[in-house]
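Some notes on the structure that comes next.
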Amino acid sequence: MLNLIKPQKLNRGDKVATVSLSWGGAGDKDLLWRYEQGKKRLEDVFGLEVVEMPNTLKGTEYIYNHPEKRAEDLMEAFSDKSIKGIFSCIGGSDSVRLLPYIDFEIIKKNPKIFIGYSDSTIIHYMCLKAGISSIYGPAIMVDFAENVSMSDYTVKWLKKTLFSSDILGNIPQSEEWTSEFLPWGIENKYTKRQFKLNNGYQLLQGEKTVQGRLIGGCIEVVEFIKGTELFPKMDDFDGSILFFETSEEKPAPSFFECWLRNYGTMGILQKINGMVFGKPQDEMYFEEYKNAIIKVLAEYGREDLPVLYNLSFGHCEPKCCIPYGAMAEINCEQKTFSILESGVVDVLQQ
């Protein structure tokens with residue numbers, strides 16, 4: 001079972017670092033405005049002092065060619081005692097290339113907030129291997145840099161998760177959602193994306209109320225670490241609640257089904273207490289993914305497993321925050337998802 005150290009909460013005035021750990025678009029000339037907008041929101045909305053690591057803004061080509069420099073930035077951000085939190089600029093596709101350059105002792109000895117989603121799933125599993133909890137949540141160039149203004153839902157859950165040691169409690173679905181893509185040209189800076197009304201959580205199966213510690217991420221990114229030292233130990237899945245979502249690549253249902261089936265062949269589906277799934281981007285394959293989940297769980301005799309679908313995390317905005325290793329609850333009767341503890345602590349216990 002997961003037993004992770006929680007990071008210390010943030011306070012207004014704290015220094016936080018931004019890092020480019022996969023795609024380096026934050027430093028590209030035509031996208032720098034987008035990064036700066038996200039940075040300004042961290043400063044104005046949350047009262048944080050924001051610094052870039054040495055390679056954060058060196059651009060796509062340099063970042064791609066130098067995974068060792070990305071890893072240096074991450075290690076320096078964890079090592080620097082003045083830095084209280086680390087924010088991923090954006091995801092990408094190759095954070096896994098940092099693995100040879102990671103010193104897990106540095107992460108272990110310097111627990112602090114790390115937040116991101118998508119390809120940052122890799123970094124979350126680095127934190128997990130080091131024994132610390134991290135936060136699956138918003139990224140600088142997407143959520144913080146949202147056109148016109150940040151979503152109230154996103155701001156609420158960032159403040160509650162990162163700045164407070166209170167129990168997170170019931171996490172309702174956002175009232176509205178969007179995954180509309182507007183090109184990131186500065187001409188669209190003041191164009192609000194089109195939002196749609198949400199249609200509630202869906203209970204795919206299950207009748208009980210279950211609890212378990214949270215582990216998961218972007219389902220196709222987790223595939224990158226299977227067979228590596230980053231993949232969790234089997235007993236980390238004992239009694240857990242798996243949370244999964246799919247990326248903007250909108251993977252075909254046949255791939256999604258195979259990935260899920262692999263958790264059955266490894267014996268993981270047999271160990272867990274429940275599953276929650278984020279809304280697919282654009283609601284593409286919305287029904288097909290549901291059918292795949294039900295089909296695969298039946299193959300492994302888990303028709304009893306509570307599964308809640310269409311949650312507000314991952315590649316649709318706005319989004320909540322999910323702390324790895326936190327105790328969560330699925331209530332099948334009420335169709336609710338709750339996190340039963342805080343994501344952070346007031347004072348770090350070491």
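Modelled label positions at E175 and D304, each set 7 Å beyond Cα in the direction of Cβ, lie 4.0 nm from each other.
At a 1.4 Å probe radius, carbon and sulfur cover how many percent of the accessible area of the chain?
Numbers: 6850 of 13640 Å².
The value for the chain is 50 percent carbon and sulfur by accessible area.
Bridging of K192 to aspartates and glutamates at a Cα separation below 19 Å is possible for E36, D143, E146, D152, E175, E176, E180, D282, E317, once same-chain residues fewer than 8 apart are set aside. Positive end of the dipole of the stretch 171-274 (Cβ unit charges, origin at the Cα centre): among G267, C218, W177, the Cα lying farthest that way belongs to W177.
For the stretch 74-84, 3J(HN,Hα) computed residue by residue from phi via the Karplus equation (6.51, -1.76, 1.60; θ = phi - 60°) reads 5, 5, 5, 5, 5, 6, 6, 5, 7, 8, 9 Hz, glycine and proline entered as x. Find, among the chymotrypsin sites (Phe, Trp or Tyr not before Pro) in the stretch 188-272, those assigned to loop by DSSP (not H, G, I, E, B) with at most 13 other beta-carbon atoms within 10 angstrom. Answer in residue order: Y190. Shown here is the pair-distance distribution of the chain: with all Cα-Cα distances grouped in 20 Å bins from zero up to the longest one, the shares run 33, 61, 6 percent. Of the trypsin sites (Lys or Arg not before Pro) found in the stretch 64-93, the ones in coil according to DSSP and having at most 13 other Cβ atoms within 10 Å of their Cβ are K81. Does anyone have the angle between helix 32-44 and the longest principal axis of the chain? Alpha-carbon axes, 0 to 90°, nearest 10? Helix 32-44 and the main axis of the chain meet at about 80 degrees. Step through the table entries K6/K69; K233/K319; K40/K159; K39/K84; K9/K160; K129/K233, compare each Cα-Cα distance with 19 Å, and write down the pairs that go over it. From K6/K69; K233/K319; K40/K159; K39/K84; K9/K160; K129/K233, over 19 Å: K6/K69; K233/K319.
Antiparallel as a % of all DSSP beta bridges within the chain, to the nearest 5?
Numbers: 19 of 48 bridges.
Of all bridge pairs located within the chain, approximately 40 percent are antiparallel.
Given Cα pairs under 8 Å that are at least 6 residues apart, what percent is the relative contact order of the stretch 221-350? List each step's numbers first, then the result.
Working: 160 pairs, mean separation 29.6, N = 130.
That works out to 23 percent.
The calculated FRET efficiency for Q334 paired with D282, based on their beta-carbon distance and R0 = 22 Å, is about 0.20. Could you compute the net charge surrounding G25? Neighbours are other residues with a C-beta less than 12 Å from the C-beta of G25; K and R count +1, D and E count -1. Taking every other residue near G25 into account, the sum is 0.
Rolling a 1.4 Å sphere over the protein heavy atoms, what is the accessible area per residue of the stretch 212-338, to the nearest Å²? Result: 32 Å² per residue. Taking all protein chains into account, the per residue accessible area for the stretch 35-179 stands at 34 Å² (1.4 Å probe). Under the convention that each Lys and Arg Cβ holds +1 and each Asp and Glu Cβ holds -1, the size of the dipole of the chain around its Cα centre is about 640 debye. Relative contact order of the chain: 22 percent, from C-alpha pairs under 8 Å at least 6 residues apart in sequence. The residue list L2, S79, T154 was ranked by how far each Cα lies along the charge dipole of the stretch 1-159 toward its positive end, using unit charges on Cβ atoms, and L2 comes out on top.
Say we join alpha carbon atoms closer than 10 Å with springs in a Gaussian network model of the chain; which of I272, I132, I167 then has the biggest fluctuation? Greatest mean-square fluctuation among the candidates belongs to I167.
Just to confirm the filter: which trypsin sites (Lys or Arg not before Pro) across the stretch 1-44 are DSSP coil and have at most 16 other Cβ within 10 angstrom of their Cβ?
Here the trypsin sites (Lys or Arg not before Pro) that fit, given the DSSP loop and packing criteria, are R12, K29.
Tell me, what is the FRET efficiency for K108 and E187 to the nearest 0.05, using R0 = 41 angstrom and their Cβ-Cβ distance as r? Efficiency at R0 = 41 Å is approximately 0.35. Here the stretch 7-90 is treated as an ellipsoid with the same Cα gyration tensor; its semi-axes, largest first and in whole Å, are 21, 16, 7.
Rg/Rh for the stretch 108-159 stands at 1.05; both radii use Cα atoms, and Rh follows the Kirkwood definition.
The values are calculated or read from the model by the stated rules, or taken from the named source; none is laboratory data. Being a predicted model, the structure only gives us computed values, none of them experimental. Cβ: placed from backbone, ideal geometry, glycine included. Neighbour counts: every protein chain shown. Only protein heavy atoms, including side chains, enter the accessible area calculation; ligands, DNA and RNA are left aside. Shrake-Rupley method; radii C 1.70, N 1.55, O 1.52, S 1.80 Å.
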